[in-house]
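**Student:** Got a structure for you, questions after.
The values are calculated or read from the model by the stated rules, or taken from the named source; none is laboratory data. In this text the structure is predicted, and so the values were computed from the model without any measurement. All Cβ positions, even for glycine, are placed from backbone atoms using ideal geometry, and neighbour counts span all protein chains on display.
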Amino acid sequence: MANVVVVGAQWGDEGKGKIVDWLSERADVIARFQGGHNAGHTLVIGEKVFKLSLLPSGIVRDGKLAVIGNGVVLDPWSLFAEIDKLTAQGVNISADRLMIAENTPLILPLHQDLDKLREEAAGKAKIGTTGRGIGPAYEDKVGRRTIRVADLADEETLDARLDRLLAHHDALRKGLGAEPINRAELKAKLLEVAPQLLPYARPVWKIMAEARKSGKRILFEGAQGSLLDIDFGTYPYVTSSTTMSGAAASGTGMGPGAVDFVLGIVKAYTTRVGEGPFPTELDDDDGQRLGERGHEFGTVTGRKRRCGWFDAVLVRQTCAISGVNGIALTKLDVLDGFDKLKICVGYEIDGVTYDYLPTAAALQARVKPIYEEMDGWHESTAGARSWADLPAAAIKYVRRVEELIDCPVAMLSTSPERDDTILVTDPFAD
Ligand code: IMP
């Protein structure tokens, strides 16, 4: 059976929610492997709109197993708020449908405090995080002082973990002018949430191995985007997890052979939320128009997204690093009605041409995009379900994108509705 990883191939917000939902109908197991509740996936199913931040998209479909892997950082209070919201929308969530890796690190209120304190202290140099405590939680994980799900089962272990964690955080907080943590209050909060959370805690690596052995189809649901990757993104303006496809296996406890197809989600133009380099950003009417037509406001924070032309250089780069087998191209209809469209095909830095984005921040700051201009189209592509429904200029644009990024289009999404999709290659096909 084919197992599929879905990753965002730009700066997140590529429209993964719809594609993941489309695929999750065909999958048996849907697993999150990185990130936390900084993600925002919107699913439109019939009349209902579901907004998910932490839960795998498969949770809204009966009969699917939703898994939160060890590569995720988990805020238990936010998890239960999301579960309550979905339950009110009629979704049935129980421990036989949702499984959380026992070795998943927790996000605590102190991580959110630190995220915000640091952003405030950084002033203009801020990252523009979602304020969810993601970075500080990952720091504590690799710093070997985090509290993991399984630690909640034993008070003595929890005490020892708290001692180690607070010794670090109280010192940090002092430096930032914040009060020390109220240990008793935090411990009480953790002991209170423990009996709610522990029933979901499982050896996920084992469940995944069994699923694979019994021929179940697994969908690995990436969050954020490749250009926010901790190593390959526009550092330090990135998130704190590995958003590349390679993390799907390690973030759930599987070997690299578990993945058969990597689907990169690519928006027909470019957006980014938060600070950091963005070579094709538009500060003009075209940028404004992309934002308005594309409803480019963050699902999690409501922030206005920065918009720009399609950057083929960056997408070619992320497709290579994630080993993308095919892309799902989304939001093509947002480009309807432009007389001319531009695609970035290279960069110029100090008179030198580059076919990739160099790592050095000083070079990134001086990048000038080299554009190729294409004819736009005036017909509507919204809701197209076959190539025959698309104007010739739109097909030409898609073909040029494929050529430039060196990767074929597997799916083309033409509206938020799940059936408005042109399928070229089924990622789950053996
Ligand atoms: P953090 O993940 O909250 O630490 O934020 C770090 C950077 O990643 C910021 O630029 C955020 O705007 C960005 N970011 C985090 N999650 C998402 C997402 O789901 N979509 C788009 N950008 C995101």
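**Student:** Is it the case that some residue within the stretch 328-336 is over 24 Å from E275 (Cβ atoms), small (G, A, S) and assigned to a loop (DSSP other than H, G, I, E, B)?
**Tutor:** For the stretch 328-336, residues over 24 Å from E275 (Cβ atoms), small (G, A, S) and assigned to a loop (DSSP other than H, G, I, E, B): absent.
**Student:** Based on what the data block shows, is G302 of a type outside the set (F, W, Y), within 26 Å of S78 (Cα to Cα), outside the structural domain of H41 (by TED's automatic domain parsing) and more than 15 Å from the chain's Cα centre (by Cα)? Walk me through it before giving the result.
**Tutor:** Values: of a type outside the set (F, W, Y): yes; within 26 Å of S78 (Cα to Cα): yes; outside the structural domain of H41 (by TED's automatic domain parsing): yes; more than 15 Å from the chain's Cα centre (by Cα): yes.
Yes; evaluated as a whole, the condition is true for this residue.
**Student:** Only one of (1) closer than 26 Å to R305 by Cβ; (2) among the charged types (D, E, K, R); (3) surrounded by fewer than 24 Cβ atoms within 10 Å (Cβ to Cβ) is not met by E25, so which one is it?
**Tutor:** In the conditions (1) closer than 26 Å to R305 by Cβ; (2) among the charged types (D, E, K, R); (3) surrounded by fewer than 24 Cβ atoms within 10 Å (Cβ to Cβ), E25 misses (1) alone.
**Student:** While we're on this one: Taking the stretch 268-283, which residues are of a type outside the set (V, I, T) and in contact with a helix residue (DSSP H, G or I) (Cβ under 8 Å, 6 or more places away or on another chain)?
**Tutor:** First pass over the stretch 268-283, keeping only residues of a type outside the set (V, I, T): 268-269, 272, 274-279, 281-283.
Listed by number, the residues that qualify are A268, Y269, R272, P277, P279, E281, L282.
**Student:** Tally the residues that are away from the ligand (no atom under 12 Å from the Cβ) and closer than 20 Å to G128 by Cβ, restricting the search to the stretch 196-230.
**Tutor:** Total meeting the criteria: 0.
**Student:** Now for a different question. Within the stretch 40-67, work out how many residues are within 15 Å of the ligand (Cβ to nearest atom) and modelled with pLDDT under 90.
**Tutor:** To start, the set of residues in the stretch 40-67 that are within 15 Å of the ligand (Cβ to nearest atom) comprises 40-43, 51-57.
Okay, now just the ones that are also modelled with pLDDT under 90, so 40-43.
Of the residues in that region, 4 qualify.
**Student:** List the residue pairs whose Cβ atoms are under 9 Å apart, where the first residue sits in the stretch 274-297 and is among the β-branched types (V, I, T), the second is part of a loop (DSSP other than H, G, I, E, B), and the two are 6 or more positions apart or on different chains.
**Tutor:** Cβ pairs passing all conditions: T280/Y269; T280/W309.
**Student:** Further question: Counting only residues that are under 18 Å from the mean Cα position of the chain (by Cα) and within 17 Å of R418 (Cα to Cα), give me the strands (runs of 3 or more DSSP E) lying completely in the stretch 24-117 with at least 2 of them.
**Tutor:** Strands (runs of 3 or more DSSP E) meeting the threshold: 41-45, 48-52.
**Student:** Quick one: is T318 under 16 Å from the mean Cα position of the chain (by Cα), within 16 Å of the ligand (Cβ to nearest atom) and outside the structural domain of K213 (by TED's automatic domain parsing)?
**Tutor:** Details: under 16 Å from the mean Cα position of the chain (by Cα): yes; within 16 Å of the ligand (Cβ to nearest atom): yes; outside the structural domain of K213 (by TED's automatic domain parsing): yes.
Answer is yes for this residue.
**Student:** Can you tell me which of A184, A171, A188, A178 is surrounded by fewer than 20 Cβ atoms within 10 Å (Cβ to Cβ), at pLDDT 95 or above, within 18 Å of T129 (Cβ to Cβ) and in the same structural domain as E139 (by TED's automatic domain parsing)? Break it down into steps so the answer makes sense when it comes.
**Tutor:** Values: A184 fails: within 18 Å of T129 (Cβ to Cβ); A171 fails: within 18 Å of T129 (Cβ to Cβ); A188 fails: within 18 Å of T129 (Cβ to Cβ).
Answer to the check: A178.
**Student:** Restricting to the stretch 246-261, give me the number of residues that are farther than 19 Å from S226 by Cα and buried (at least 23 other Cβ atoms within 10 Å of the Cβ).
**Tutor:** Total satisfying the criteria: 1.
**Student:** To continue, here is another question. Report yes if some residue within the stretch 1-15 is part of a helix (DSSP H, G or I), within 16 Å of the ligand (Cβ to nearest atom) and out of contact with any Cys (no Cβ under 8 Å at 6 or more places or on another chain); otherwise report no. Spell out the reasoning first.
**Tutor:** The initial filter retains those residues of the stretch 1-15 that are part of a helix (DSSP H, G or I), namely none.
Within the stretch 1-15, not a single residue is part of a helix (DSSP H, G or I), within 16 Å of the ligand (Cβ to nearest atom) and out of contact with any Cys (no Cβ under 8 Å at 6 or more places or on another chain).
**Student:** I'd like the full set of residues that are of a type in the set (G, A, S) and under 23 Å from A2 (Cα atoms), limited to the stretch 182-224. First the steps, then the outcome.
**Tutor:** Pass one, the stretch 182-224, residues of a type in the set (G, A, S): 184, 188, 194, 201, 209, 211, 214-215, 222-223.
Result: A209, A211, S214, G215, G222, A223.
**Student:** Take the residues of the stretch 331-366 that are of a type in the set (A, V, I, L, M) and buried (at least 19 other Cβ atoms within 10 Å of the Cβ): which is farthest from V401 (Cα to Cα)? Can you show your working first?
**Tutor:** Just the residues of the stretch 331-366 that are of a type in the set (A, V, I, L, M), to begin with: 332, 334-335, 341, 343, 345, 349, 352, 357, 360-363, 365.
Now narrow it down to the ones that are buried (at least 19 other Cβ atoms within 10 Å of the Cβ): 332, 334-335, 341, 343, 357.
Details: L332: 12, V334: 16, L335: 14, L341: 12, I343: 8, L357: 18 Å.
Taking the candidates together, the pick is L357.
**Student:** Wholly within the stretch 231-310, which strands (runs of 3 or more DSSP E) include no fewer than the required count, namely at least 3 residues that are within 14 Å of the ligand (Cβ to nearest atom)?
**Tutor:** Values: elements: 261-267, 270-272, 306-308.
Fully inside the stretch 231-310 and qualifying: 270-272.
**Student:** What number of residues in the stretch 115-153 are at positive phi and either touching a His at 6+ places or on another chain (Cβ under 6 Å) or near the ligand (Cβ under 9 Å from one of its atoms) (or both)?
**Tutor:** Let us first name the residues in the stretch 115-153 that are at positive phi, namely 123, 128, 131, 133, 144.
Now restrict to residues that are either touching a His at 6+ places or on another chain (Cβ under 6 Å) or near the ligand (Cβ under 9 Å from one of its atoms) (or both): 128, 131, 133.
Residues in the stretch 115-153 being at positive phi and either touching a His at 6+ places or on another chain (Cβ under 6 Å) or near the ligand (Cβ under 9 Å from one of its atoms) (or both): 3 in total.
**Student:** Among the residues of the stretch 87-128, count how many are surrounded by fewer than 16 Cβ atoms within 10 Å (Cβ to Cβ) and touching a helix residue (DSSP H, G or I) at 6+ places or on another chain (Cβ under 6 Å).
**Tutor:** So the count comes out to 2.
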